[in-house]
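**Q** There's a structure below that I have some questions on.
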Amino acid sequence: MSEMIIRGGSLIDGTGAVARPADVRINQGVVTEIGPNLKPNGETELDASSCYVTPGFIDSHTHLDPYMFWDRGCDPMPQHGVTTALIGNCSLSLAPAKPEHLDELIDVFCYVEDLPVVDFKTGVPWNWTTWQQYYQAMNQEGTALNIIPLVGHTMLRTYAMGEDAWTRKATEQEISTMTEELADAMAAGCFGFSTSFQHQDRNGRLVPSQLASDTELAALADVLVAAGHGLVEFVPNFMEGDLGADISRMASVLGNRKVTSLWNALVHSDRAPEVPDQLMALTQTIRDGGCNMWPLASPRTIDININWDSTMVFLKFPQGWNKIMGVTGQNRAEMLADPGWREIARNEWDSPDNALYTSTWANLVRCTSVTNPENEVWLGHPLADLVAARGGHTSDVLADWILENNLEPGLVMTGAANSNVDAIGQILADDRCLISASDAGAHVQMMCAAGDSTLLLTRHVRDRGDLTLEKAIYEITGRQADVLGLHNRGRLAPGYAGDITVFNLDELCWETDSFVADLPSGARRLRRPPGGYRATAIGGVLTQTEGTLTGAHPGKALNSNTTNP
């Protein structure tokens, strides 16, 4: 930790209070003094003239779990003002993990979060079995972010049940094994657990967390009660049935136990514009009843680059298009050309259950790259144009297009959700939700989810005025810290951590992501350019300046049992 004084800026302290001129002094990683015209005392000085000085931003939904090991800089999160991130979401974490289960756990994590399996295997050391051992491994080296770690329910079930975790409910003894491991994790510094009611593996199996009984969920929640703190992140199943069923289910499990929970994610669709308000109202009613539950919302449109090796784009077509993800090479080509498969794919496409999805699909999907030069005329065009020109069923046209382009055409689904900016602005300004659903670190070959903080501050604060700057900063700093139980972060005041972000609002920019080949295997990922921030620091140590990482890694996996910054 270093000594630093940030001079000449306008302080936004993370409470929602109006910006005011003030310098900030940081000593041994902690804010020690705030006020105008502070006298230097030999510290490193950072000139914040014409800039705002704010607490470092907190991102409460990421999948940066492996980045702690293969990219200690967590690029480009610091370049978008982020200093703290929650990991271990969606029932998935890197521990606990017994060696005999590792291949399967890696595969399900990589399938659900669209990450290359080879990078997971080679870029992560996997020198642990229990969560406590994993926590120690996380802190053997520093990072450019502070990490808030959860333990994944799918991993807990597999640890306790082996292959049976995928097929049945847990016995009383197996639940006891899960709660013991979770209790050990909480003692080591874990912040809680995550679960999912939605996800599947690449073979269409429900992830183990989906098979948990209420008895199992309650037993895990009781571990948090016994620890005196902790939170639960969960993913409701919005694919079918009552949209509020899983939210209400978790409220019944967590409500009397007073356990905080987050659910991901609240999105807007013009096909069902009433849904966000309904779900926010339901969650607010639950919160009014004493259960501290929060929906998470992102300002970003859901734009998905379709990766032909693994994608959740086709989850609605389990017998047809989703099976394409499980085969490669010649086998994939044969399946795409097979009349029997094509009939199944057409019928599934035309199912009344999929009507809302398929009615706009061809208009949303655009061609971004081809391998056949004759097809370059279609670059930038929606798939609907190709269907109109060629005729026939959309599913068949898509299959032919993939075959024509050596099984690797570039396609991006644009605005799958959150495309109505006015509606998104209303959601973000609504106090019933948390602005924090970035998914950063996941789907790296489909989209770059980093940079939500910058999109919020540029489009929804500077350009549209949906929120004041002070309220927006509170939403991504102080409010996040309050909900997550980070007692000495999220605000700039004496005694709080010296995690800071410095920026001139007019200089911020949210730009389109592009591919870089820097994963451990040399594989590509989509990366968003820096957001225009002057500086980001953890504990007074600069992690980036002017968009360039400094190489300093002062961050760590935080410990839920201590209030020290």
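**Q** Once label points are set 7 Å from the Cα along Cα→Cβ at both D164 and S252, what is their separation, rounded to one decimal in nm?
**A** Calculated label separation equals 2.6 nm.
**Q** Which percent of the accessible area of the chain is formed by carbon and sulfur heavy atoms (probe 1.4 angstrom)?
**A** 48
**Q** What number comes out for accessible area per residue over region 342-419 if the probe is 1.4 Å? Units Å², please.
**A** Counting only protein heavy atoms, the per-residue value for region 342-419 is 46 Å².
**Q** Checking the a/c ratio against 1.5 first, then a/b against b/c, what shape does the Cα gyration tensor give for region 259-303?
**A** Details: a/c = 4.23, a/b = 1.69, b/c = 2.50.
In terms of gyration-tensor shape, oblate.
**Q** Taking a quarter of the surface of the Cα convex hull of region 483-540, what do you get in nm²?
**A** Quarter of the Cα hull surface area: 6.4 nm².
**Q** Need the C-alpha centroid separation for region 475-534 versus region 394-440, integer Å.
**A** Taking the Cα centre of region 394-440 as reference, the centre of region 475-534 is 22 Å away.
**Q** Taking the Cα atoms of region 169-258 alone, what are Rg (to one decimal) and Dmax (as a whole number) in Å?
**A** So, for region 169-258, Rg and Dmax equal 13.5, 39 Å respectively.
**Q** As I understand it, the value is the acute angle between the Cα axis of helix 355-364 and the longest principal axis of the Cα atoms of the chain; what does it come to in degrees, rounded to 10?
**A** Relative to the chain, helix 355-364 is tipped by roughly 80 degrees.
**Q** If you don't mind, another one. From largest to smallest, what semi-axes in whole angstrom does the chain give when each is the square root of 5 times an eigenvalue of its alpha carbon gyration tensor?
**A** On the way: eigenvalues 287, 163, 102 Å².
So the equivalent ellipsoid measures 38, 29, 23 Å along its semi-axes.
**Q** Return the ratio Rg/(2.2 N^0.38 Å) for region 383-528, where Rg is computed over Cα atoms only.
**A** This ratio for region 383-528 stands at 1.39.
**Q** Tell me which lysines have Cα within less than 30 Å of K98's Cα, excluding those fewer than 8 residues away on the same chain?
**A** Cross-link targets: K121, K169, K323, K556.
**Q** Among rounded, prolate and oblate, which fits region 1-119 when a ≥ b ≥ c are the square roots of the eigenvalues of its C-alpha gyration tensor, a/c under 1.5 means rounded, and a/b larger than b/c means prolate?
**A** Verdict is prolate for region 1-119.
**Q** Something else now. Equivalent ellipsoid semi-axes for region 317-431, as square roots of 5 times the alpha carbon gyration tensor eigenvalues: give them largest first, rounded to whole Å.
**A** On the way: eigenvalues 153, 68, 36 Å².
Equivalent ellipsoid of region 317-431: 28, 18, 13 Å, largest first.
**Q** A further question follows. Kindly state, to the nearest 0.05, the FRET efficiency for D103 paired with H381, given R0 = 51 Å and r defined as their beta-carbon distance.
**A** Once rounded, the FRET efficiency stands at 0.80.
**Q** Output the peptides 492-501, 338-347, 25-34 sorted from most to least packed, where packing is the average of other Cβ atoms within 10 Å over each peptide's residues.
**A** With the highest mean Cβ count within 10 Å placed first, the list reads 492-501, 25-34, 338-347.
**Q** Just how far, in whole angstrom, is region 325-351 from region 190-213 if you go by their alpha carbon centroids?
**A** The two parts, judged by their Cα centres, are 27 Å apart.
**Q** Kirkwood-based Rg over Rh for region 272-358 (C-alpha set), two decimals?
**A** Rg/Rh: 1.16.
**Q** If the only charges are +1 at each Lys and Arg Cβ and -1 at each Asp and Glu Cβ, what is the size of the charge dipole of the chain around the Cα centre, to the nearest 20 debye?
**A** 920
**Q** Okay, moving on. Just to check, using Stokes-Einstein with a Kirkwood Rh over alpha carbon pairs, what's the diffusion coefficient of region 96-147 at 37 °C and 0.692 mPa s in µm²/s?
**A** 272
**Q** Relative contact order for the chain: what percent, with Cα pairs under 8 Å and sequence separation of 6 or more?
**A** Numbers: 1279 pairs, mean separation 129.9, N = 565.
For the chain, the relative contact order is 23 percent.
**Q** Please check which bits of region 545-565 a label hung off Q28 would reach, taking the label as a point 7 Å along Cα-to-C-beta and the cut-off as backbone N under 15 Å.
**A** Only 564-565 fall inside the zone, counting backbone N under 15 Å.
**Q** For a quick protection proxy, order the peptides 453-459, 243-249 by their average other-Cβ count within 10 Å, most packed first. Kindly include the intermediate steps, with their values, before the conclusion.
**A** On the way: 453-459: 24.4, 243-249: 17.1.
Packing order, densest peptide first, comes out as 453-459, 243-249.
**Q** Pick out, from L282, I324, S209, the residue whose Cα sits farthest towards the positive end of the charge dipole of the chain, with +1 on the Cβ of Lys and Arg and -1 on the Cβ of Asp and Glu.
**A** L282
**Q** Another one. Give me the Debye-computed log₁₀ of I(q)/I(0) at q = 0.16 Å⁻¹ for region 196-328, equal point scatterers on Cα only, no solvent, two decimals.
**A** -0.93
**Q** With r as the distance between the Cβ atoms of D270 and F515 and R0 = 25 Å, compute the FRET efficiency 1/(1 + (r/R0)^6) and round to 0.05.
**A** 0.25
**Q** Let me have the relative contact order for region 379-455, percent, based on Cα pairs under 8 Å that are six or more residues apart.
**A** 12 percent.
**Q** Which value in nm describes the separation of the simple spin-label points at L356 and D482, placed 7 Å from the Cα toward the beta carbon?
**A** With each label point 7 Å from Cα toward Cβ, the separation is 3.3 nm.
**Q** What relative contact order, as a whole-number percentage, does region 15-69 give when Cα pairs under 8 Å and 6 or more residues apart are counted?
**A** After rounding, I find 20 percent.
**Q** Could I ask something else about it? Which distance in nm do the two modelled labels at K121 and E141 give, with both placed 7 Å along the Cα-to-Cβ direction?
**A** For K121 paired with E141, the spin-label model returns 2.1 nm.
**Q** Quick one: which residues, 5 or more positions from C190 or on another chain, have an amide H under 5 Å from its amide H? H modelled 1.01 Å from N in the peptide plane, none for Pro or chain starts.
**A** S560
**Q** Let me ask something else about it. Rounded to the nearest 0.05, what FRET efficiency do A523 and E3 have when you use their Cβ-Cβ distance and R0 = 30 Å? Before the final figure, lay out each step's value.
**A** On the way: r = 41 Å, r/R0 = 1.36.
After rounding to 0.05, the efficiency reads 0.15.
**Q** Further question: When the scattering of region 75-211 is computed by the Debye formula from its Cα atoms alone, each counted once and equally, what is log10 I(q)/I(0) at q = 0.11, 0.12, 0.19 Å⁻¹?
**A** -0.39, -0.46, -1.16
The values are calculated or read from the model by the stated rules, or taken from the named source; none is laboratory data. For clarity, every value in this text was computed on a predicted model and none was experimentally measured. Because the Cβ atoms are built from the backbone with ideal geometry, glycine has one as well, and the counts that use them run over all protein chains shown. These area figures cover heavy atoms from the full protein model, side chains too; ligands, DNA and RNA do not enter into them. Shrake-Rupley method; radii C 1.70, N 1.55, O 1.52, S 1.80 Å.
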